[in-house]
Amino acid sequence: MSWADTIALLIEHYPDTWKDKLTFKHYRESQMSYVSELRKFYPNTWKARLAIQRYQVHQEWEHQDPTTITIHETTLNYGGPEEGGWWYYAGLPVLTHCIFSKRQAIQAFIQYYDEYEIADQPSLGQSTTYHNYEVNFSNDYAKVYPETKPHYC
């Protein structure tokens, strides 16, 4: 999910305090719990429901249908020693898949979700995990992020 998706979810769930909650860690944790809830209540259709939800969030935020699915290899990088140390997420492009319909988009999302074993990835915060994969809807090709290394303010 892109930053745009993150902000849209935060605005939806926390309309008055979303700016206070805008951290990537919070977003990732909320997505993990959302996926676990889907898996629990909809064991046969949770992937389709997740794909549709992410498709709709993209539409709401970008005001257009997505035209690509992007896959990134993500890592958790050390930012610096300030305030006891801080970390940031970085992504390397793996694949860009063009999509031409909502049905194809949902099917491709599920295919890549399974192929890259997204649901079974351990958290990047664990010492045994060097990288994870993420699948997102987009209107652009997969790019390296962040474009410049963040710095402590």
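Here, each number is a calculation from the coordinates, and none is a lab measurement. Because the structure is predicted, anything quoted here is derived from the model rather than measured. Glycine also receives a Cβ, built like all others from the backbone with ideal geometry; neighbour counts cover every protein chain displayed.
Where the centroid of each part is defined by its Cα atoms, how far is segment 68-82 from segment 106-125 in Å?
Segment 68-82 and segment 106-125 have Cα centres spaced 16 Å from each other.
Scan segment 98-153 for chymotrypsin sites (Phe, Trp or Tyr not before Pro) in coil per DSSP, keeping those whose Cβ has at most 14 other Cβ atoms within 10 Å, and list them by number. Write out the running numbers ahead of the final one.
Working: sites: F100, F109, Y112, Y113, Y116, Y130, Y133, F137, Y141, Y152; in loops: F100, Y116, Y130, Y141, Y152.
Those satisfying the criteria are F100, Y130, Y141, Y152.
Note the full-extension length gain between Q64 and Y78 as 0.36 nm times their separation in residues minus their Cα-Cα distance, in nm to one decimal.
Working: separation 14, 0.36 × 14 = 5.04 nm, distance 3.52 nm.
Net length gain for the segment: 1.5 nm.
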